[in-house]
1. Test each condition in (1) within 30 Å of Met456 (Cβ to Cβ); (2) at pLDDT below 85; (3) surrounded by 16 or more Cβ atoms within 10 Å (Cβ to Cβ) for Leu889 and report the one that comes out false.
2. Of the conditions (1) over 24 Å from Tyr500 (Cα atoms); (2) modelled with pLDDT of 85 or more; (3) polar (S, T, N, Q), Ser378 fails just one. Which one is it?
3. Which members of the stretch 798-836 meet the condition of being touching an Asp or Glu at 6+ places or on another chain (Cβ under 7 Å) and either at pLDDT 85 or above or surrounded by 23 or more Cβ atoms within 10 Å (Cβ to Cβ) (or both)?
4. Which condition from (1) of a type outside the set (Val, Ile, Thr); (2) farther than 30 Å from Val46 by Cβ; (3) assigned to a strand (DSSP E or B) is the one that Asp624 breaks?
5. What's the number of the condition Glu854 fails, among (1) within 30 Å of Glu674 (Cβ to Cβ); (2) part of a strand (DSSP E or B); (3) charged (D, E, K, R)?
6. What is the residue count in the stretch 276-289 for residues that are surrounded by 21 or more Cβ atoms within 10 Å (Cβ to Cβ) and closer than 14 Å to Val604 by Cβ?
7. I need every pair where a residue in the stretch 656-668 that is closer than 21 Å to Asp687 by Cβ has its Cβ under 6 Å from the Cβ of a residue that is part of a loop (DSSP other than H, G, I, E, B), sequence separation at least 6 or different chains.
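The values are calculated or read from the model by the stated rules, or taken from the named source; none is laboratory data. This is a predicted model, so every value here is computed, not measured. So basically every Cβ, Gly included, is an ideal-geometry build from the backbone, and we count neighbours across all protein chains shown.
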Amino acid sequence: MTRLLDWTLKNRLAVIFFFAAGSAAGLYAVSVTPVDAVPDITPVQVMVNTKTGALDPEQIEKTVSFPIETDMSGIAHVKDVRSLSKYGLSQVVVTFEDKTDIYWARQQVSEKLQGASGELPAGLSPQLAPISTGLGEVVMYAVKAKPGSPLAAKPERERLLYLRTIQDFVLVPYLRRSIKNVAEIDATGGYKKQINIEIHPERLDKVGVTIEQIVERLEGLGENSGGGYIQPKGRQIIVRASGRLQSLDEIRVIPIKLDVRGKPVPLSAVADVKEGFAQRMGGATESGEETVMGIMLMLSGANSRQVAIDSERALREAPLPDDVEVEMLYTRSELVDATLKTVVTNMAEGAVLVVAVLLAILGNLRAALFVSLAIPISMLFGAIGMRLFGVSASLMSLGAIDFGLLVDGAVVMIENALRRLEEHKGPLGREERLALFRDSAAEVIKPVSLGLLIIMLVYVPILSLEGVEGKLFHPMAITVLMALGASLLVAVLLMPVLAYLFLKAPAGHGAGEGFLYSRMLRIYEPALQTCLRRPVLAAIPAILLLACSVFAYSRMGADFMPPLDEGDLVINFTRGSDIGVDASLEMERKSELIIARFPEVERVFGRLGTPESATDPMGVHLADTFVILKRDRSLWPVMANGRRRTKVEIYEAIKEAVDKEVPGQEIVENQPIEMRFAEILEGSRADVSLRIYGPDLSVLIDLLERSSEILKKVPGTREAEMDALTALRKSPVLSARPNYGAIARYGLDIRRVNGLLEAAMAGREVGSFYEQQWRFPIVLRVEEEHRENVDTIKSLPVGMDGGSIPINKVVDFESKDEVTTIAHHYGQRYAAVAVFLGGRDIASYVTEARSAVEREVKFPEGYAIAWGGQFKNLERARARLALIVPAVLLAIMLLLWWTFGNLREAALVYTCIPLAMTGGIFSLTLRGIPLSVSASIGFIALMGIAILNGMVLVTFFNQLREKGLSPEQAAKEGSLTRLRPVAMTALVAGLGFVPMALNTGIGAEVQRPLATVVIGGLLTSTLLTLIVLPVLYKWVGAGHHKKTVEI
């Protein structure tokens, strides 16, 4: 170390150039680092969606989802497979181990799908979902008619049909080529245009034709085909069959058969041909009106803020028809900007507090400025590390950086140099000055280096966290490690150079003591002398505090993570499972009009059902209603109690109003990002999810209902209901079961019978109709009014040799309630109860809920339960922390032992850890904050910070012992001499976290537990270390001082 100091002081310009160049590189890294509100915690995941047409859920489960699941389970590095089978959709989600390359994973899934395609029903084609994540929905917008335009005056259905066409054929292609890093532009709402050939069943018998025959006549309608080329007289002529249609009249006059007189019977004799729309699987609304909604899905790993800004710009510049406009509904850039504002505010306020403390205690402006330089330089070097390791700038990566930590090493270096300068009498020559600053740095370089290395060491095990907690805290650990490493370089290399070049002793030598420091010394000196004379006065309070903290810890609740306040609300509505899309949209309209009346609400919009990409597999009975609140809280009205409502109170008021005016809905509070993360990670949106596994659907439903009723009675339950996405809900089903005996007697083909039902009811695509370059499918089906008449369906004619028979002669029809959504996890059926908590921590809730369910519900053989949601994440994090914390404690002890060369002095410094822990526990208890992963990370960080001060004291005690002082004299003189650096390091570290602990901006709640732990811990650690450690040093006598190990 001394050789390093010699080199540094001799090569001063090289040192300054190194830090200047590094800072310039850091500025560049800042300009290109991705920015987001929070780290993306979505695992490496591939979603396989199969649109299943008219198949019922049990058919989908057996013939689509299960074969795909089985094939996916055999892929290397797969850690989880789950599926959802519902009307119209099979969704299989394959989750891979972390660090798996997403493109490799998709390739493996694609290869398996090729092998599985032969097992699937004919005509089904599984598709991979876009490469997006839980943070993918960065922008939502509405496509609307301009007020006062002719389009705005048209009937709603005609208007929405046109707007959806503009979205699909004008906006989407433009946005795809205009915006970088967009995985997909999803759409929902409106009516997807198609040309409908609507058969009137009563006319079929009159003409003597069947639906199958009409389908055969029309297959390939409107399509072109190639005929190669010919070469007459040496010229090449391309041959093609041009079937492109110019108008709907051309379809109407197509002959479908010849009548008895040999005249052609046109299609119009049995069907209406008109512009129509596909059956809707969902819808979108805004402020109580139906709309067409577009959703930008960001490519995984992209910069969400930049993608959102680019999307906003592209939407403003979109080449839309004169009567169409786009309205921005939601943009991630607002949340990112608000979160970054919170982080920047905390950092700025922390920096000001740190500089103020340095100036107040050092009493030397130059010294304070030199130490403060460690902050920007360390942050810029940290930005280089973030860029190298692919860490985005977010609430988690930047929010846990304490500027006080970054200046700790510089504080000790500059303070010791200033002290030695103040002690020196008379002017200094060049060589004397060089020797003075070299010796002052050599005195403290070892404890400073080892102290900062220990602080860095405690952050290293955080990198071993897995799952959600790993993705949340890895960015923080990497950023802090990079910044602390840079601060160590600043302290060891730059501070001695700056001190030598610019530091001057204040006039009067010794008059440089700051006002604050002199007052602290007056209080501390008599207190220390009293405790050294009577050690029991220090020991008893310390032991009592430790005992009380153990008791408080035993009564403390536990949560996974405090939820990030995103500033806006999502209200999840769950309606009757048998509700139709039109009725559900009507309830959504009414609910939105009620919500829009609240003065705090700026905008309200919603979506229900499944969007085009099927990334969110909701049924039409589920609706996500986004409530965008006014950003300027001063515009919120003051209530009768003299204050403005909180976000929770606004939700409760909305819930009460909607329950009263639009009954028949289950209502749950959520947030945009939080909701999507929960869906992707667990397939559920709840705080706690109770999954029940078993083979029989009816038994699962019974167990589900009984468990739900029990959970509603557990204290802390705000809502307990069947999970919106995976619950086994029954809906009316008209089941058509083929009568194989009758089919054989009539000489029919089972495929023919099934094909008739599919064509008549779901519709059969028979061709294409083009307008400009826009392609619309031509779909043949039974006319709408007849499709909804069960008797008409039963009388549909099935063609056979010599005529036709009604379909009910060969098919048995039955109306009954059946399960319409079936969830699987690794091939096992399961159903879930979703629990939303209010005013209670997760750990204690699940402990009580688990015992209640196991006590009151007897599960048959072959059925099992599992607790998921945030509780699953908490359990995994606890198990990992149970390994990490002891490993950190052991590593610190071994390093201290190696440093001091004996176990006694290592144990002395080690006492700083329990002394610090007491303050962390009390501070959480006083603020009513439960123990969480965030708080646990605070305790881990606190261990390293607390050790630094202990090392500074004991190292100096040992240096004084080497000069011949007794243990008591060394403890007294060393404590008084080192009061200033110890107080400064503790104060700047603690005050650097104060803005995080007190800030109420968006995102502050995630930082609050960590900051609270560190501030409380440093308070008790510093007070007890300055008193208890000298007393213990005197008491153990420290034996004959052994020389510490050189590094």
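1. Among (1) within 30 Å of Met456 (Cβ to Cβ); (2) at pLDDT below 85; (3) surrounded by 16 or more Cβ atoms within 10 Å (Cβ to Cβ), Leu889 violates only (3).
2. Against the list (1) over 24 Å from Tyr500 (Cα atoms); (2) modelled with pLDDT of 85 or more; (3) polar (S, T, N, Q), Ser378 comes up short only on (1).
3. Correct list: Ile822, His824, Ala832, Val833, Ala834, Val835.
4. (2)
5. (2)
6. The qualifying residues number 3.
7. Gln665/Arg575
Table: residues versus (1) within 28 Å of Ser300 (Cβ to Cβ); (2) crowded, with 18+ Cβ neighbours inside 10 Å; (3) within 31 Å of the chain's Cα centre (by Cα); (4) modelled with pLDDT under 90.
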| site | (1), (2), (3), (4) |
| --- | --- |
| Glu649 | no, no, yes, no |
| Glu661 | no, no, no, no |
| Ser698 | no, no, no, yes |
| Ala720 | no, yes, yes, yes |
| Leu728 | no, yes, yes, yes |
| Ser735 | no, no, no, yes |
